[in-house]
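K.L.:
Got a structure for you, questions after.
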Amino acid sequence: MSVTELENLDTIVSLAKARGFIYQSSEIYGGLGAVYDYGPLGTELKRNIRDFWWTEMTRRHDNIVGLDAAILMHPKVWEASGHVEGFNDPMIDDKQSNKRYRADMLVEGHIARLRGKGKAEEADELQQLLDTAGSRNGLCEDLHQIIMDHEIRAPESGAFEWTDVRQFNLMFKTQFGATSSGDDGDVVYLRPETAQGIFVNFKNVMDTARQQVPFGIAQVGKAFRNEVVARQFIFRMREFEQMEMQYFVEPGTDEESYDTWLNKRLEWHKALGIRQHKLRIHPHPEDKLAHYAADAADIQYEYPIGWQEVEGIHNRTDFDLSQHHEYSGKKLEYYDQKKQKRYIPYVIETSIGLDRTVMMALCDAYREEEVDGDTRTVLKLNPEIAPTEVGIFPLIKKDKLQDLAHKIEEDLRGDYKVLYDESGSIGKRYRRQDEAGTPFCITVDFDGVESEGEDTVTIRYRDDMTQDRVPVSRLREVISDQTKSWKPE
Ligand code: ATP
(Lines give C-alpha, C1' and ligand atoms only; values in the text may rest on other atoms or scores of the structure.)
Protein backbone atom coordinates (compact mmCIF):
# COMPACT_ATOMS: atom_id res chain seq x y z
CA MET A 1 0.00 0.00 0.00
CA SER A 2 1.45 3.38 -0.91
CA VAL A 3 1.31 5.95 1.88
CA THR A 4 1.84 9.68 1.50
CA GLU A 5 2.48 11.99 4.43
CA LEU A 6 1.53 15.62 4.62
CA GLU A 7 3.63 17.73 2.27
CA ASN A 8 1.77 20.98 2.12
CA LEU A 9 0.17 23.06 4.84
CA ASP A 10 -2.74 23.95 2.52
CA THR A 11 -3.87 20.31 2.64
CA ILE A 12 -4.39 20.52 6.40
CA VAL A 13 -6.02 23.95 6.12
CA SER A 14 -8.57 22.52 3.64
CA LEU A 15 -9.22 19.37 5.65
CA ALA A 16 -9.58 21.39 8.85
CA LYS A 17 -12.19 23.59 7.23
CA ALA A 18 -14.05 20.82 5.37
CA ARG A 19 -14.32 18.54 8.40
CA GLY A 20 -15.13 21.23 10.94
CA PHE A 21 -11.86 21.38 12.84
CA ILE A 22 -10.90 25.01 12.26
CA TYR A 23 -12.52 27.95 10.46
CA GLN A 24 -11.29 31.45 9.81
CA SER A 25 -12.77 33.93 12.27
CA SER A 26 -15.72 36.00 10.99
CA GLU A 27 -15.43 34.28 7.63
CA ILE A 28 -18.74 35.61 6.28
CA TYR A 29 -17.27 39.11 6.61
CA GLY A 30 -14.10 38.19 4.76
CA GLY A 31 -12.25 36.86 7.79
CA LEU A 32 -10.00 38.47 10.39
CA GLY A 33 -6.27 37.99 9.80
CA ALA A 34 -4.61 35.32 11.92
CA VAL A 35 -7.66 34.76 14.10
CA TYR A 36 -9.37 31.36 13.96
CA ASP A 37 -12.41 29.58 15.37
CA TYR A 38 -12.52 25.92 16.30
CA GLY A 39 -15.42 23.89 14.92
CA PRO A 40 -17.04 20.82 16.51
CA LEU A 41 -14.17 18.38 15.85
CA GLY A 42 -11.47 20.98 16.49
CA THR A 43 -13.01 21.93 19.82
CA GLU A 44 -12.89 18.30 20.97
CA LEU A 45 -9.33 17.80 19.74
CA LYS A 46 -8.16 21.00 21.41
CA ARG A 47 -9.93 20.15 24.65
CA ASN A 48 -8.43 16.64 24.69
CA ILE A 49 -4.92 18.01 24.18
CA ARG A 50 -5.50 20.61 26.88
CA ASP A 51 -6.68 17.86 29.26
CA PHE A 52 -3.71 15.68 28.32
CA TRP A 53 -1.39 18.51 29.37
CA TRP A 54 -3.35 19.41 32.49
CA THR A 55 -3.43 15.80 33.66
CA GLU A 56 0.29 15.42 33.17
CA MET A 57 1.14 18.67 34.95
CA THR A 58 -1.29 18.86 37.83
CA ARG A 59 -2.49 15.28 38.45
CA ARG A 60 0.83 13.51 38.01
CA HIS A 61 2.78 16.04 40.09
CA ASP A 62 1.56 16.61 43.62
CA ASN A 63 3.58 19.83 43.85
CA ILE A 64 2.04 21.58 40.84
CA VAL A 65 -1.20 23.49 41.33
CA GLY A 66 -3.49 25.24 38.89
CA LEU A 67 -4.34 28.89 38.35
CA ASP A 68 -6.79 30.74 36.14
CA ALA A 69 -5.73 34.39 36.10
CA ALA A 70 -7.63 37.13 34.28
CA ILE A 71 -6.61 38.25 30.81
CA LEU A 72 -6.62 41.92 31.87
CA MET A 73 -3.99 42.87 34.39
CA HIS A 74 -2.71 46.03 36.02
CA PRO A 75 -0.70 47.96 33.40
CA LYS A 76 2.29 48.10 35.76
CA VAL A 77 2.65 44.33 35.34
CA TRP A 78 3.77 44.87 31.76
CA GLU A 79 6.19 47.61 32.74
CA ALA A 80 7.77 45.35 35.32
CA SER A 81 7.93 42.40 32.94
CA GLY A 82 9.65 44.50 30.28
CA HIS A 83 6.88 44.07 27.70
CA VAL A 84 6.01 47.78 27.39
CA GLU A 85 9.61 48.62 26.68
CA GLY A 86 10.83 45.61 24.81
CA PHE A 87 8.13 43.32 23.42
CA ASN A 88 8.80 44.46 19.89
CA ASP A 89 9.42 43.04 16.46
CA PRO A 90 11.28 44.97 13.74
CA MET A 91 8.91 45.59 10.85
CA ILE A 92 9.16 47.04 7.39
CA ASP A 93 6.44 47.99 4.88
CA ASP A 94 6.36 47.39 1.15
CA LYS A 95 5.23 50.82 -0.16
CA GLN A 96 3.80 49.29 -3.31
CA SER A 97 1.44 46.74 -1.72
CA ASN A 98 1.29 48.28 1.77
CA LYS A 99 2.03 44.81 3.15
CA ARG A 100 3.97 44.64 6.37
CA TYR A 101 6.81 42.20 7.00
CA ARG A 102 9.01 41.27 9.91
CA ALA A 103 12.38 42.50 8.75
CA ASP A 104 14.35 39.61 10.25
CA MET A 105 11.99 37.05 8.71
CA LEU A 106 12.29 38.75 5.34
CA VAL A 107 16.03 38.21 5.49
CA GLU A 108 15.52 34.61 6.70
CA GLY A 109 13.24 33.96 3.74
CA HIS A 110 15.88 35.33 1.39
CA ILE A 111 18.52 33.08 2.96
CA ALA A 112 16.27 30.03 2.48
CA ARG A 113 15.76 30.98 -1.19
CA LEU A 114 19.53 31.34 -1.70
CA ARG A 115 20.06 27.90 -0.21
CA GLY A 116 17.31 26.52 -2.45
CA LYS A 117 19.25 27.86 -5.44
CA GLY A 118 22.47 26.21 -4.20
CA LYS A 119 24.11 29.54 -3.25
CA ALA A 120 25.30 28.24 0.11
CA GLU A 121 28.23 30.63 0.50
CA GLU A 122 26.14 33.74 -0.05
CA ALA A 123 23.49 32.33 2.29
CA ASP A 124 26.10 31.71 5.02
CA GLU A 125 27.43 35.26 4.70
CA LEU A 126 23.96 36.70 4.98
CA GLN A 127 23.16 34.48 7.96
CA GLN A 128 26.27 35.78 9.66
CA LEU A 129 25.13 39.37 9.05
CA LEU A 130 21.65 38.55 10.36
CA ASP A 131 23.04 36.86 13.47
CA THR A 132 25.06 39.96 14.29
CA ALA A 133 22.36 42.50 13.37
CA GLY A 134 22.14 45.11 16.09
CA SER A 135 25.86 44.99 16.84
CA ARG A 136 26.91 47.52 14.15
CA ASN A 137 24.28 50.22 14.58
CA GLY A 138 20.82 49.67 16.05
CA LEU A 139 18.88 46.51 15.16
CA CYS A 140 16.51 48.42 12.86
CA GLU A 141 19.34 50.20 11.06
CA ASP A 142 21.33 46.98 10.58
CA LEU A 143 18.34 45.06 9.23
CA HIS A 144 17.49 47.89 6.85
CA GLN A 145 21.08 47.95 5.61
CA ILE A 146 21.03 44.20 4.94
CA ILE A 147 17.76 44.45 3.00
CA MET A 148 19.10 47.34 0.92
CA ASP A 149 22.56 45.87 0.29
CA HIS A 150 21.15 42.52 -0.81
CA GLU A 151 18.27 44.04 -2.74
CA ILE A 152 15.77 41.83 -0.99
CA ARG A 153 12.43 42.26 -2.70
CA ALA A 154 8.92 41.95 -1.26
CA PRO A 155 7.94 38.26 -1.64
CA GLU A 156 4.40 39.02 -2.80
CA SER A 157 4.71 42.12 -5.03
CA GLY A 158 8.33 41.70 -6.08
CA ALA A 159 8.82 45.43 -5.38
CA PHE A 160 11.92 47.01 -3.89
CA GLU A 161 10.28 50.05 -2.32
CA TRP A 162 10.75 49.71 1.40
CA THR A 163 10.04 52.02 4.29
CA ASP A 164 12.54 52.24 7.16
CA VAL A 165 12.59 49.40 9.67
CA ARG A 166 10.70 50.30 12.84
CA GLN A 167 10.06 48.55 16.13
CA PHE A 168 6.46 47.49 16.54
CA ASN A 169 5.06 46.61 19.96
CA LEU A 170 3.08 43.38 19.80
CA MET A 171 0.73 44.08 22.69
CA PHE A 172 -2.91 44.91 22.03
CA LYS A 173 -3.97 48.01 23.94
CA THR A 174 -7.49 48.68 25.07
CA GLN A 175 -9.28 51.25 27.21
CA PHE A 176 -10.34 50.43 30.73
CA GLY A 177 -13.58 51.60 32.33
CA ALA A 178 -16.87 52.89 30.93
CA THR A 179 -15.88 56.53 30.67
CA SER A 180 -12.63 56.52 28.87
CA SER A 181 -10.92 59.87 28.74
CA GLY A 182 -8.54 58.49 26.15
CA ASP A 183 -5.44 59.40 28.08
CA ASP A 184 -2.84 56.80 28.84
CA GLY A 185 -4.03 56.37 32.41
CA ASP A 186 -6.90 54.20 31.13
CA VAL A 187 -4.81 51.90 29.00
CA VAL A 188 -4.74 48.21 29.73
CA TYR A 189 -3.27 45.44 27.62
CA LEU A 190 -4.57 42.09 26.53
CA ARG A 191 -1.96 39.79 28.07
CA PRO A 192 0.69 38.67 25.56
CA GLU A 193 1.56 35.64 27.72
CA THR A 194 -0.07 33.82 30.61
CA ALA A 195 3.15 33.67 32.65
CA GLN A 196 2.80 37.06 34.36
CA GLY A 197 -0.52 36.03 35.91
CA ILE A 198 1.42 33.27 37.63
CA PHE A 199 4.24 35.52 38.86
CA VAL A 200 1.94 38.13 40.38
CA ASN A 201 0.03 35.36 42.17
CA PHE A 202 3.16 33.61 43.42
CA LYS A 203 2.67 34.81 46.98
CA ASN A 204 -1.07 34.16 47.01
CA VAL A 205 -0.58 30.59 45.91
CA MET A 206 2.33 29.99 48.25
CA ASP A 207 0.34 31.30 51.22
CA THR A 208 -2.91 29.51 50.43
CA ALA A 209 -1.94 26.23 48.75
CA ARG A 210 0.66 25.33 51.42
CA GLN A 211 3.32 24.64 48.83
CA GLN A 212 7.02 24.64 49.54
CA VAL A 213 9.77 25.29 47.05
CA PRO A 214 10.19 23.46 44.72
CA PHE A 215 6.63 23.78 43.45
CA GLY A 216 4.91 24.74 40.24
CA ILE A 217 1.90 26.71 39.06
CA ALA A 218 0.20 25.65 35.86
CA GLN A 219 -2.17 27.69 33.78
CA VAL A 220 -3.95 27.43 30.45
CA GLY A 221 -5.35 30.54 28.86
CA LYS A 222 -5.65 32.96 26.00
CA ALA A 223 -2.81 35.26 25.01
CA PHE A 224 -2.81 38.02 22.41
CA ARG A 225 -0.02 39.28 20.18
CA ASN A 226 -0.40 41.69 17.31
CA GLU A 227 1.94 39.61 15.18
CA VAL A 228 3.42 41.33 12.13
CA VAL A 229 3.76 38.11 10.17
CA ALA A 230 0.66 36.03 10.48
CA ARG A 231 0.33 33.86 7.43
CA GLN A 232 0.87 30.34 8.69
CA PHE A 233 -2.59 29.16 9.72
CA ILE A 234 -2.80 28.48 13.46
CA PHE A 235 0.99 28.47 13.83
CA ARG A 236 1.14 32.22 14.31
CA MET A 237 -2.09 33.76 15.51
CA ARG A 238 -3.04 37.09 17.00
CA GLU A 239 -5.24 35.38 19.60
CA PHE A 240 -4.03 32.01 20.83
CA GLU A 241 -3.90 29.75 23.83
CA GLN A 242 -0.88 28.94 25.95
CA MET A 243 -0.30 26.15 28.45
CA GLU A 244 2.37 27.35 30.83
CA MET A 245 3.94 26.04 33.97
CA GLN A 246 6.31 28.02 36.16
CA TYR A 247 8.39 25.87 38.48
CA PHE A 248 9.87 27.73 41.46
CA VAL A 249 13.20 26.36 42.67
CA GLU A 250 16.02 27.23 45.01
CA PRO A 251 18.83 29.11 43.23
CA GLY A 252 21.63 26.66 42.57
CA THR A 253 19.21 23.83 41.79
CA ASP A 254 17.91 25.57 38.68
CA GLU A 255 20.22 23.95 36.13
CA GLU A 256 19.30 20.44 37.19
CA SER A 257 15.62 21.32 37.25
CA TYR A 258 15.88 22.85 33.78
CA ASP A 259 17.38 19.62 32.38
CA THR A 260 14.71 17.54 34.09
CA TRP A 261 11.87 19.62 32.67
CA LEU A 262 13.33 19.70 29.20
CA ASN A 263 13.38 15.88 29.17
CA LYS A 264 9.97 15.54 30.77
CA ARG A 265 8.41 17.83 28.24
CA LEU A 266 9.96 16.01 25.28
CA GLU A 267 8.55 12.75 26.68
CA TRP A 268 5.12 14.37 26.90
CA HIS A 269 5.17 15.15 23.18
CA LYS A 270 5.99 11.50 22.46
CA ALA A 271 3.23 10.33 24.80
CA LEU A 272 0.83 12.60 22.93
CA GLY A 273 1.55 10.36 19.94
CA ILE A 274 3.93 12.54 17.94
CA ARG A 275 6.51 10.54 16.00
CA GLN A 276 9.93 10.80 17.57
CA HIS A 277 11.84 11.57 14.38
CA LYS A 278 9.67 14.66 13.84
CA LEU A 279 10.66 16.14 17.20
CA ARG A 280 13.93 17.73 18.26
CA ILE A 281 15.38 19.92 20.94
CA HIS A 282 16.88 23.17 19.74
CA PRO A 283 19.00 24.83 22.45
CA HIS A 284 19.34 28.60 22.16
CA PRO A 285 22.96 29.68 21.74
CA GLU A 286 24.23 31.67 24.69
CA ASP A 287 24.49 34.93 22.73
CA LYS A 288 20.84 34.63 21.66
CA LEU A 289 19.36 34.21 25.15
CA ALA A 290 16.89 36.79 26.43
CA HIS A 291 18.59 39.10 28.90
CA TYR A 292 16.86 37.43 31.86
CA ALA A 293 17.39 33.82 30.79
CA ALA A 294 20.22 31.59 31.97
CA ASP A 295 19.25 28.79 29.60
CA ALA A 296 16.59 28.21 26.97
CA ALA A 297 15.63 25.58 24.42
CA ASP A 298 12.77 25.01 22.04
CA ILE A 299 11.06 21.74 21.43
CA GLN A 300 10.61 21.84 17.69
CA TYR A 301 8.41 19.86 15.34
CA GLU A 302 9.02 19.42 11.63
CA TYR A 303 5.90 21.07 10.20
CA PRO A 304 5.35 21.31 6.44
CA ILE A 305 6.73 24.85 6.90
CA GLY A 306 9.98 23.46 8.36
CA TRP A 307 11.31 22.84 11.87
CA GLN A 308 9.52 25.25 14.19
CA GLU A 309 9.07 25.86 17.90
CA VAL A 310 6.08 24.26 19.60
CA GLU A 311 7.27 24.74 23.14
CA GLY A 312 9.90 26.79 24.95
CA ILE A 313 11.69 25.71 28.12
CA HIS A 314 13.42 28.57 29.90
CA ASN A 315 15.46 29.14 32.99
CA ARG A 316 14.13 32.63 33.79
CA THR A 317 16.31 33.01 36.88
CA ASP A 318 14.78 35.29 39.55
CA PHE A 319 14.16 38.01 36.97
CA ASP A 320 10.35 38.09 37.02
CA LEU A 321 9.82 37.80 40.76
CA SER A 322 12.57 40.38 41.39
CA GLN A 323 10.99 42.80 38.94
CA HIS A 324 7.53 42.47 40.51
CA HIS A 325 9.11 42.68 43.94
CA GLU A 326 10.68 46.00 42.92
CA TYR A 327 7.73 47.48 40.97
CA SER A 328 5.00 46.50 43.43
CA GLY A 329 7.00 47.05 46.59
CA LYS A 330 5.67 43.68 47.86
CA LYS A 331 8.12 41.07 49.04
CA LEU A 332 8.08 38.08 46.74
CA GLU A 333 10.50 35.94 48.66
CA TYR A 334 10.44 32.46 50.03
CA TYR A 335 11.56 31.53 53.51
CA ASP A 336 12.98 28.03 53.76
CA GLN A 337 12.21 26.97 57.33
CA LYS A 338 14.49 23.96 57.34
CA LYS A 339 17.51 25.77 55.97
CA GLN A 340 16.50 29.03 57.66
CA LYS A 341 17.21 30.85 54.48
CA ARG A 342 15.35 33.56 52.60
CA TYR A 343 15.58 33.93 48.84
CA ILE A 344 13.78 34.86 45.65
CA PRO A 345 13.21 31.56 43.85
CA TYR A 346 14.47 30.88 40.35
CA VAL A 347 11.88 29.90 37.77
CA ILE A 348 11.97 27.12 35.22
CA GLU A 349 9.25 27.77 32.68
CA THR A 350 7.64 25.36 30.27
CA SER A 351 5.52 27.25 27.77
CA ILE A 352 3.64 25.52 24.99
CA GLY A 353 1.17 26.88 22.46
CA LEU A 354 -2.04 24.85 22.46
CA ASP A 355 -2.90 25.84 18.89
CA ARG A 356 0.57 24.95 17.63
CA THR A 357 0.14 21.59 19.36
CA VAL A 358 -3.22 21.05 17.62
CA MET A 359 -1.52 21.87 14.32
CA MET A 360 1.33 19.49 15.13
CA ALA A 361 -1.11 16.68 16.02
CA LEU A 362 -3.05 17.18 12.78
CA CYS A 363 0.08 17.37 10.61
CA ASP A 364 1.67 14.36 12.24
CA ALA A 365 -1.44 12.19 11.96
CA TYR A 366 -2.25 12.99 8.34
CA ARG A 367 -1.83 10.22 5.75
CA GLU A 368 -3.09 9.53 2.26
CA GLU A 369 -3.19 5.85 1.44
CA GLU A 370 -3.94 4.05 -1.80
CA VAL A 371 -6.59 1.44 -1.05
CA ASP A 372 -7.99 -0.67 -3.90
CA GLY A 373 -7.34 2.06 -6.43
CA ASP A 374 -8.89 4.71 -4.19
CA THR A 375 -7.23 7.29 -1.98
CA ARG A 376 -8.21 7.26 1.64
CA THR A 377 -7.37 10.26 3.80
CA VAL A 378 -6.88 9.33 7.40
CA LEU A 379 -5.86 11.06 10.61
CA LYS A 380 -3.94 8.56 12.70
CA LEU A 381 -4.39 10.46 15.96
CA ASN A 382 -3.65 8.98 19.33
CA PRO A 383 -7.06 7.52 20.39
CA GLU A 384 -6.73 9.43 23.67
CA ILE A 385 -7.01 12.77 21.87
CA ALA A 386 -9.24 11.82 18.93
CA PRO A 387 -12.30 14.10 18.74
CA THR A 388 -14.63 11.13 18.31
CA GLU A 389 -13.52 7.85 19.81
CA VAL A 390 -16.15 5.46 18.54
CA GLY A 391 -18.35 5.45 15.44
CA ILE A 392 -21.41 3.19 15.67
CA PHE A 393 -23.17 2.04 12.53
CA PRO A 394 -26.06 -0.30 11.76
CA LEU A 395 -25.06 -2.01 8.51
CA ILE A 396 -28.40 -1.05 6.95
CA LYS A 397 -31.49 0.78 8.19
CA LYS A 398 -33.39 -2.17 9.72
CA ASP A 399 -35.00 -2.01 13.17
CA LYS A 400 -33.13 -4.94 14.55
CA LEU A 401 -29.73 -3.49 13.66
CA GLN A 402 -30.65 0.10 14.55
CA ASP A 403 -31.94 -0.97 17.97
CA LEU A 404 -28.76 -2.77 18.94
CA ALA A 405 -26.60 0.05 17.52
CA HIS A 406 -28.53 2.60 19.63
CA LYS A 407 -28.22 0.38 22.69
CA ILE A 408 -24.44 0.23 22.27
CA GLU A 409 -24.39 3.99 21.66
CA GLU A 410 -26.27 4.63 24.90
CA ASP A 411 -24.04 2.27 26.82
CA LEU A 412 -20.76 3.81 25.63
CA ARG A 413 -21.87 7.44 25.60
CA GLY A 414 -21.04 8.20 29.23
CA ASP A 415 -17.42 7.17 28.88
CA TYR A 416 -16.58 7.82 25.26
CA LYS A 417 -17.27 10.45 22.66
CA VAL A 418 -19.43 8.39 20.28
CA LEU A 419 -21.11 9.08 16.97
CA TYR A 420 -24.09 7.17 15.55
CA ASP A 421 -24.29 7.20 11.76
CA GLU A 422 -26.63 5.27 9.50
CA SER A 423 -26.44 7.31 6.30
CA GLY A 424 -24.59 6.20 3.16
CA SER A 425 -22.72 3.03 2.36
CA ILE A 426 -20.67 1.48 5.12
CA GLY A 427 -17.50 2.24 3.14
CA LYS A 428 -18.39 5.94 3.00
CA ARG A 429 -19.11 5.99 6.71
CA TYR A 430 -15.69 4.48 7.46
CA ARG A 431 -13.99 7.04 5.23
CA ARG A 432 -15.79 9.92 6.97
CA GLN A 433 -14.54 8.68 10.32
CA ASP A 434 -11.02 8.09 8.94
CA GLU A 435 -10.84 11.77 8.00
CA ALA A 436 -12.07 12.76 11.43
CA GLY A 437 -9.47 10.53 13.09
CA THR A 438 -11.99 8.21 14.80
CA PRO A 439 -9.95 5.18 15.91
CA PHE A 440 -12.78 2.64 16.33
CA CYS A 441 -15.92 1.94 14.31
CA ILE A 442 -18.48 -0.60 15.43
CA THR A 443 -20.79 -2.11 12.85
CA VAL A 444 -23.93 -4.04 13.74
CA ASP A 445 -24.84 -6.65 11.10
CA PHE A 446 -27.28 -9.56 10.76
CA ASP A 447 -24.61 -12.17 11.46
CA GLY A 448 -24.10 -10.61 14.85
CA VAL A 449 -27.72 -10.31 15.99
CA GLU A 450 -29.06 -13.52 14.52
CA SER A 451 -26.41 -15.91 15.72
CA GLU A 452 -27.00 -18.10 18.75
CA GLY A 453 -26.01 -16.73 22.16
CA GLU A 454 -24.70 -13.24 22.83
CA ASP A 455 -24.91 -10.51 20.17
CA THR A 456 -21.67 -9.79 18.40
CA VAL A 457 -20.50 -6.82 16.31
CA THR A 458 -17.48 -6.01 14.22
CA ILE A 459 -14.99 -3.44 15.42
CA ARG A 460 -12.87 -1.87 12.73
CA TYR A 461 -9.53 -0.27 13.49
CA ARG A 462 -8.78 2.98 11.72
CA ASP A 463 -5.02 2.60 11.33
CA ASP A 464 -4.79 -0.73 9.49
CA MET A 465 -8.49 -1.13 8.60
CA THR A 466 -8.58 -4.66 10.06
CA GLN A 467 -11.73 -5.87 11.79
CA ASP A 468 -12.50 -8.21 14.69
CA ARG A 469 -15.80 -9.75 15.60
CA VAL A 470 -16.40 -9.31 19.32
CA PRO A 471 -19.26 -9.96 21.74
CA VAL A 472 -20.98 -6.69 22.73
CA SER A 473 -20.04 -7.26 26.38
CA ARG A 474 -16.30 -7.13 25.46
CA LEU A 475 -16.40 -3.83 23.56
CA ARG A 476 -15.14 -1.65 26.40
CA GLU A 477 -12.28 -4.00 27.13
CA VAL A 478 -11.20 -4.09 23.47
CA ILE A 479 -11.39 -0.29 23.11
CA SER A 480 -9.46 0.22 26.32
CA ASP A 481 -6.74 -2.32 25.39
CA GLN A 482 -6.35 -0.90 21.90
CA THR A 483 -6.16 2.66 23.25
CA LYS A 484 -3.48 1.74 25.77
CA SER A 485 -1.34 -0.17 23.29
CA TRP A 486 -1.62 2.40 20.49
CA LYS A 487 1.67 3.59 19.00
CA PRO A 488 2.28 6.11 16.20
CA GLU A 489 3.38 4.58 12.87
P1 ATP B 1 8.03 32.63 18.09
O2 ATP B 1 9.52 32.84 18.18
O3 ATP B 1 7.63 31.50 17.20
O4 ATP B 1 7.27 33.89 17.84
P5 ATP B 1 8.06 32.88 20.90
O6 ATP B 1 9.44 32.42 21.22
O7 ATP B 1 7.76 34.32 20.87
O8 ATP B 1 7.57 32.17 19.54
P9 ATP B 1 7.03 32.27 23.47
O10 ATP B 1 6.90 33.68 23.87
O11 ATP B 1 8.15 31.47 24.07
O12 ATP B 1 7.06 32.15 21.88
O13 ATP B 1 5.65 31.55 23.72
C14 ATP B 1 5.54 30.20 24.13
C15 ATP B 1 4.74 29.39 23.15
O16 ATP B 1 3.53 30.05 22.79
C17 ATP B 1 5.45 29.15 21.83
O18 ATP B 1 6.31 28.04 21.91
C19 ATP B 1 4.29 28.88 20.90
O20 ATP B 1 3.91 27.52 20.93
C21 ATP B 1 3.19 29.73 21.47
N22 ATP B 1 3.02 30.95 20.67
C23 ATP B 1 3.73 32.09 20.75
N24 ATP B 1 3.28 33.00 19.88
C25 ATP B 1 2.26 32.41 19.22
C26 ATP B 1 1.37 32.86 18.20
N27 ATP B 1 1.44 34.08 17.70
N28 ATP B 1 0.42 31.99 17.75
C29 ATP B 1 0.32 30.75 18.26
N30 ATP B 1 1.13 30.28 19.24
C31 ATP B 1 2.08 31.10 19.71
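The values are calculated or read from the model by the stated rules, or taken from the named source; none is laboratory data. Predicted model, so just to flag it, every value in this text is computed and none were measured. Every residue, glycine as well, gets a Cβ built from its backbone with ideal geometry; the counts of neighbours run over all protein chains shown. Note: areas computed on protein heavy atoms with side chains; ligands, DNA, RNA excluded. Shrake-Rupley method; radii C 1.70, N 1.55, O 1.52, S 1.80 Å.
K.L.:
Could you tell me the calculated FRET efficiency between Thr377 and Asn263, based on Cβ-Cβ distance and R0 = 30 angstrom, to the nearest 0.05? Show your work: numbers first, answer last.
P.N.:
Working: r = 35 Å, r/R0 = 1.16.
Once the sixth-power term is evaluated, E becomes 0.30.
K.L.:
With charges only on Cβ, +1 for K and R and -1 for D and E, what is the dipole size of the chain about its Cα centre, in debye, rounded to 20? Before the final figure, lay out the partial values.
P.N.:
Details: 63 positive and 88 negative charges, 160 e Å.
Roughly 780 debye for the chain.
K.L.:
Counting Lys +1, Arg +1, Asp -1, Glu -1, what net charge surrounds Lys400 among other residues with beta carbon under 14 Å of its beta carbon?
P.N.:
Values: positive: Lys397, Lys398, Lys407; negative: Asp399, Asp403, Glu422, Asp445, Asp447, Glu450, Asp455.
Surrounding charge for Lys400 is -4.
K.L.:
Now, a different point. Going Cα to Cα from Lys398, which lysines come in below 18 Å? Please leave out same-chain ones fewer than 8 positions away.
P.N.:
Correct list for Lys398: Lys407.
K.L.:
Another one. How about the range 406-467: which GluC sites (Glu not before Pro) there are in a DSSP loop, with at most 13 other Cβ atoms within 10 Å of their Cβ? Present the calculation step by step, with values, prior to reporting the outcome.
P.N.:
Values: sites: Glu409, Glu410, Glu422, Glu435, Glu450, Glu452, Glu454; in loops: Glu422, Glu452, Glu454.
Counting only loop positions with at most 13 other Cβ atoms within 10 Å, the GluC sites (Glu not before Pro) in the range 406-467 are Glu452, Glu454.
K.L.:
R0 = 30 Å: FRET efficiency of Lys222 with Ser423, Cβ-based, nearest 0.05?
P.N.:
Details: r = 37 Å, r/R0 = 1.24.
Working from the Cβ atoms, E equals 0.20.
K.L.:
Within the accessible area of the chain, what % is carbon and sulfur when the probe is 1.4 Å and the other protein chains stay in place? Intermediate results must be reported in sequence, preceding the final value.
P.N.:
Details: 10670 of 23560 Å².
It is 45 percent, rounded to a whole number.
K.L.:
Which order do the peptides 306-318, 97-109, 236-248 come out in when sorted by mean C-beta neighbours inside 10 angstrom, highest first?
P.N.:
Working: 306-318: 19.5, 97-109: 17.9, 236-248: 22.8.
Packing proxy ranking, top to bottom: 236-248, 306-318, 97-109.
K.L.:
Okay, moving on. Report the FRET efficiency, 1/(1 + (r/R0)^6), for Glu255 and Trp307, where r is their Cβ-Cβ distance and R0 is 22 Å, rounded to 0.05.
P.N.:
Numbers: r = 26 Å, r/R0 = 1.16.
E between Glu255 and Trp307, to the nearest 0.05, is 0.30.
K.L.:
Beyond 32 Å, how much of the Cα-Cα pair distribution for the chain remains, as a whole percent? Write out the running numbers ahead of the final one.
P.N.:
Values: 61629 of 119316 pairs.
Cα-Cα pairs in the chain separated by more than 32 Å: 52 percent.
K.L.:
Treat every Asp and Glu Cβ in the range 93-169 as -1 and every Lys and Arg Cβ as +1, leave all other atoms uncharged, and give the resulting dipole magnitude about the Cα centre to the nearest 20 debye. Please report the intermediate quantities before stating the final value.
P.N.:
Numbers: 11 positive and 16 negative charges, 63 e Å.
Here the size comes out at about 300 debye.
K.L.:
Shifting gears a bit: Compute the signed sum of charges (Lys and Arg +1, Asp and Glu -1) over the other residues within less than 15 Å, Cβ to Cβ, of Ile385. Numbers along the way, then the final one.
P.N.:
On the way: positive: Lys46, Arg47, Arg50, Lys270, Arg275, Arg356, Lys380, Lys417, Arg462, Lys484, Lys487; negative: Glu44, Asp51, Glu56, Asp355, Asp364, Glu384, Glu389, Asp463.
Value of the local net charge: +3.
K.L.:
Please compute the per residue accessible area over the chain with all protein chains in place, 1.4 Å probe, rounded to a whole number of Å².
P.N.:
Working: 23560 Å² over 489 residues.
Counting only protein heavy atoms, the per-residue value for the chain is 48 Å².
K.L.:
Using the structure shown, select from Lys203/Lys339; Lys397/Lys484; Lys99/Lys278 the pairs with a Cα to Cα distance greater than 28 angstrom.
P.N.:
Details: Lys203/Lys339 20 Å; Lys397/Lys484 33 Å; Lys99/Lys278 33 Å.
Check vs 28 Å cut-off fails for Lys397/Lys484; Lys99/Lys278.
K.L.:
Another question, then. Under 16 Å between alpha carbons, and skipping anything fewer than 8 positions from Lys17 in its own chain: which aspartates and glutamates qualify?
P.N.:
Within reach: Glu27, Asp37, Glu44, Asp355, Asp434, Glu435.
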